[in-house]
Amino acid sequence: MMTRRISRRRFIAQTGAGAAAAATANIAAPFVHTAHAAGSLNVGMWDHWVPGANAATEKLIKDWAEKEKVDVKVDFITSQGQKLNLTAVAEGQAKSGHDVLFMGSWMVSRQAELLEPVDDVVNDLVKENGDVSDVAKYMARFKGVWKAVPSTFGSQMKGPASRIDLLKKHAGIDVQALYPAGAPPKSDSWTYDAFLKAAEACHKAGVPFGIGLGTTADSVDSIGAIFSAFGAILIDENEKITIKSDSVRQALDYCKRLYAFLPPDAPSWDDASNNKAFVAGQASLILNPPSAWAVALRDAPNIAEQTWHHPMPKGPKGRYASFLQQNLAIWSFSKNKSAGKSLLRHISSRASAEAMVSASKGYDIPPFAKFKTFGTWADIGPPKGTLYHYPDPHQDQILAVAAMPSPHAVAAQIYAQGTMSKMVVRHAQGEAMEKTLAWAESEVEGFMR
Amino acid sequence: MADVVAPAGASVATRRRPGGMNRWLQRRSTMAFLMTLPLIVLIIVLVIYPAIYALHLATLNKKMTQFVGLGNFTFLFTRETFWMVVQQSCIFALTAVFFKAVIGFIVAHLVHNVPNDKQRKWRGMLLIPWVIPPAMSTLAWLWLFDPSHSAFNWLLAHVGIGPIPWIGDANWARFSVILVNVWIGAPFFMIMYLAALKSVPEQLYEAAKIDGATWWQTMRFVTLPMMRNIIAITALFSTIVTFANFDIVRVLTRGDPLDKTHVFATWAFRVGIEGGDIPLGASVSLFMVPILTVAAIFILRDINRRGNEA
């Protein structure tokens with residue numbers, strides 16, 4: 001029998017290397033679904049507007065954690081005062097914090113280099129549940145790599161929530177006939193010309209369209225959808241500034257005409273203003289997810305009963321709608337990435353998406369093509385079917401987000417600064433078209449630094 | 001008497017000579033340092049470190065990967081919106097401080113003339129705007145100015161006026177943020193001026209009265225000179241706080257409409273946190289430092305000079 005003498009120094013070196021290798025193997029090991037796969041996972045979610053939506057999502061996460069033996073902690077972080085964005089920025093700076101974090105539209109692009117690729121998760125989900133929108137791809141896929149999973153929780157369409165009675169009475173438009181519940185749209189006549197005429201009629205009747213022109217998301221998304229419908233892009237994907245174009249001029253001219261029929265203080269509206277005007281019965285149409293309707297159900301049931309959600313009008317370049325795609329991302333510094341991926345698969349499944357849509361009373365819209373026809377949207381009311389067309393089940397619209405397809409770093413600034421709404425207000429308040437365009441060009445040049 | 005007085009030499013011999021550490025601990029300056037140490041640590045952690053970190057951030061490029069020196073500042077100088085924010089911050093701070101000082105001065109005199117037993121009640125009531133957290137009281141103001149449900153417009157409608165776009169029109173919006181700032185800040189001036197008024201010796205007023213001084217002469221040659229230092233210090237302190245204001249503008253207008261109500265702090269937040277350009281946001285916020293430093297140097301130098309003259 002051969003024996004080898006090992007010195008103390010060599011023994012320590014070899015066993016140390018072995019231990020290190022074991023530790024590395026442990027970190028890189030795939031997530032194993034056994035009772036021994038425990039670990040901890042900190043999840044930061046958005047604090048949902050709709051009462052009950054947080055609880056349903058927390059239950060989904062806790063059920064998964066119990067099954068997978070993971071010690072999970074869920075924080076619901078409000079987006080009020082930018083707290084959620086501040087959390088993401090702070091965690092990115094500190095390289096510490098949650099493992100999985102809910103990220104609003106532009107945050108994924110800002111933190112992309114610090115996020116774990118999730119191609120495996122998204123590709124499997126797409127294969128099973130259908131493709132995702134161009135907005136989802138724009139917001140979460142960079143250089144062909146998915147950096148976040150498009151989320152059902154919190155994703156929303158900002159289409160018209162119209163008063164059935166007021167539009168019929170003052171503008172002669174029957175929105176239920178254009179978009180009948182449970183049936184494909186008959187919306188050929190629903191164009192931006194018809195929209196403008198209806199805005200004028202409702203304005204004359206003292207119940208104007210409640211579209212804000214401030215710098216918060218609702219205003220920016222509303223004007224963004226109109227710009228998209230006219231093909232008006234401020235800067236293209238190749239970083240070429242295209243502000244002084246005919247399409248931008250047309251969009252701006254249209255918005256100036258529309259401005260005359262909006263509430264006089266629209267430039268100061270925030271995301272609550274349109275909801276308040278609608279619930280108070282002062283607005284005949286707003287561009288909003290069903291949160292105003294949900295509040296009206298509680299506070300003004302007679303207004304809720306007369307509310308119909310439907311797609312946007314059609315412009316020269318198509319029927320564009322603003323879709324706010326939210327995302328769930330795993331930090332690259334997370335210590336439990338495999339558990340994070342397992343969780344994201346779980347809460348992106350059909351059953352989970354259905355539970356979230358139900359708990360949010362139809363507010364949340366899942367990203368996958370096969371998830372647009374859940375019973376919640378068809379059944380919920382009153383009036384029954386008010387949300388049938390909200391997730392665009394017949395794909396009547398082209399989904400976009402304001403400033404898409406501009407490069408993300410510039411687009412995020414255009415969105416945050418509300419450049420498009422400011423252009424509208426400047427021009428509508430008397431500034432010459434070319435001066436407004438020159439101002440916008442200078443702004444965008446500044447964003448490109 | 002001699003038998004009760006211990007010899008000095010014996011005392012020294014029997015007592016243990018304190019060590020270097022003990023001697024150091026027994027010093028008054030050491031105790032003072034130890035007692036202020038928690039505050040010094042807090043200032044280092046919450047003020048000095050963030051300030052240095054902000055300086056560091058302001059020297060990075062947009063992606064925070066490269067050192068660009070003063071590049072962010074030179075870039076800012078080329079931006080139209082930046083100069084508008086500089087102008088607005090100055091208008092906001094100077095106008096608000098002026099009105100706070102005037103209103104504080106008048107109210108302090110009114111309260112000073114209230115009989116002593118009733119003064120406490122008035123002081124307490126008048127301080128309310130200052131002691132409520134500004135974000136909360138500004139929210140109440142926002143509801144008063146609300147585009148759809150403004151209580152002011154509702155009242156004005158009864159007399160056939162309005163509706164006024166309190167936060168919808170650039171000029172009205174500027175007026176509104178200044179109004180709220182004055183409402184919140186005037187009680188601070190009032191209480192400082194009241195304290196100064198109470199410290200003016202009564203004999204000076206009696207002497208002025210005997211000399212036949214008018215109300216204005218008493219004010220001009222007795223009250224104002226005695227209050228000068230307090231007025232200067234209060235104005236300086238308030239200018240710094242008003243210049244760096246964030247909450248009122250953020251809650252009331254968010255800098256809208258058309259950026260016409262942005263001040264340094266709100267624009268820094270918009271550019272840095274909301275727009276994703278943290279180095280540029282840090283540069284905007286740091287731009288306040290030289291402006292306020294110059295103001296502080298001038299005012300404090302004036303106070304020192306007057307102190308030396310006295």
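Each reported figure results from applying straightforward, stated rules to the coordinates on display, with no laboratory input. Treat the numbers as computed from the prediction; the structure is a model and nothing was measured. For neighbour counting, all protein chains shown are included, and Cβ atoms are generated from backbone atoms with ideal geometry for every residue, glycine included.
Assorted remarks:
- Shape box of the range B:92-195 [Cα atoms, principal axes, largest first, Å]: 45, 30, 25
- Overall dimensions of the range A:133-180 by Cα: Rg and Dmax, Å: 17.9, 51
- Taking other C-beta atoms within 10 Å as the exposure proxy, A:TYR179, B:TYR205 rank B:TYR205, A:TYR179 from fewest upward.
- Kirkwood Rh in Å, taken over the range B:14-97 so that all alpha-carbon pairs contribute: 17.9
- Hull-based mean projected area of the range A:59-147, where the convex hull spans the alpha carbons, in square nanometres: 7.1
- D_trans [Stokes-Einstein, Kirkwood Rh over alpha-carbon pairs] for the range A:366-408, 25 °C, 0.890 mPa s, µm² s⁻¹: 205
- Out of every Cα-Cα pair that chain B contains, those further apart than 28 angstrom amount to 59 percent.
- Residue with peak Gaussian network fluctuation, chain B [Cα springs, cutoff 10 Å], from B:ALA208, B:ALA232, B:ALA51: B:ALA208
- Sequence-distant residues sharing a close amide H with A:MET103 (under 5 Å, placed H): A:ASN327, A:LEU328, A:ALA329
- Per the Debye calculation on chain A with a single equal scatterer at every Cα and no solvent contribution, log₁₀ I(q)/I(0) for q = 0.06, 0.08, 0.10 Å⁻¹ amounts to -0.29, -0.48, -0.72.
- Value in Å of the Kirkwood radius, where the protein assembly as shown supplies the Cα pairs that are averaged: 30.1
- Considering every alpha-carbon pair of the range B:179-252, the percent of pairs per 10 Å bin, from zero through the bin containing the longest distance, is 17, 38, 25, 15, 6, 1.
- 4 °C / 1.567 mPa s Stokes-Einstein diffusion coefficient of the range A:152-214, Kirkwood radius on C-alpha pairs, µm²/s: 99
- Vicinal HN-Hα couplings computed from phi for the range A:256-272 (Karplus, 6.51 cos²θ - 1.76 cosθ + 1.60; Hz; Gly/Pro x): 5, 5, 5, 3, 4, 10, 9, x, x, 9, 3, x, 9, 5, 10, 5, 8
- Farthest toward positive dipole pole in chain A [+1 Lys/Arg, -1 Asp/Glu at C-beta], among A:PRO405, A:ALA56, A:GLY182: A:ALA56
- Gain on full extension, evaluated as 0.36 nm per residue between A:ASP253 and A:ASP75 minus their Cα-Cα distance, stands at 59.5 nm.
- Positive-pole candidate from A:VAL149, B:TRP130, A:GLY430, dipole of the protein assembly as shown, charges at beta carbon: B:TRP130
- Evaluated at q = 0.18 Å⁻¹, a Debye calculation over the C-alpha positions of the range A:224-364 (equal weights, vacuum) places log10 I(q)/I(0) at -1.13.
- Kirkwood Rh in Å, taken over the range A:283-338 so that all alpha-carbon pairs contribute: 15.0
- Estimated vicinal HN-Hα couplings, Hz - the range B:132-145 in sequence order (Karplus 6.51, -1.76, 1.60; Gly, Pro = x): 6, x, x, 4, 6, 5, 5, 4, 5, 5, 4, 5, 5, 9
- Spacing of the two label points (7 Å from each Cα toward its C-beta) at B:TRP143 and B:ARG27, in nm: 5.8
- Debye-sum result for the range B:39-164 in log10 I(q)/I(0), which assumes one identical scatterer on each alpha carbon, at q = 0.13, 0.17, 0.18 Å⁻¹: -1.02, -1.15, -1.17
- Distance between the modelled labels on B:LEU110 and B:ASP211, one decimal in nanometres: 3.0 nm (7 Å Cα→Cβ projection).
- Where only DSSP H runs of four or more residues are counted, chain A gives -13000 deg cm²/dmol as its mean residue ellipticity at 222 nm, each run worth -39500 (n - 2.57).
- Between the listed residues B:HIS262, B:ILE273, B:ALA195, the Cα displaced farthest toward the positive end of the dipole of chain B, a dipole computed from Cβ unit charges relative to the Cα centre, is found at B:ALA195.
- Kirkwood Rh and Cα Rg combined as Rg/Rh, the range B:247-291: 0.98
- Pairs with C-alpha atoms separated by more than 25 Å, drawn from the list A:LYS147/A:LYS317; A:LYS335/A:LYS372; A:LYS69/A:LYS337, are A:LYS147/A:LYS317; A:LYS335/A:LYS372.
- A:ASP193 versus B:ASN229: modelled label distance in nm, points set 7 Å from Cα along the beta carbon direction: 7.8
- For B:LEU60, nonlocal amide neighbours, meaning residues 5 or more places apart or on other chains whose placed amide H falls under 5 Å from its own, are B:VAL68.
- Cα pair distances in the range A:196-242, grouped into 10 Å bins until the bin that holds the longest one, percent each: 23, 37, 28, 9, 2
- Dipole magnitude (debye, nearest 20) for the protein assembly as shown, charges at Cβ of Lys, Arg, Asp, Glu: 2700
- Here's how it looks for A:THR307: its modeled amide H is under 5 Å from those of A:ILE164, which are all 5 or more places away or on a different chain.
- Convex hull (Cα only) mean projected area of the range B:91-135, reported in nm² to one decimal: 3.6
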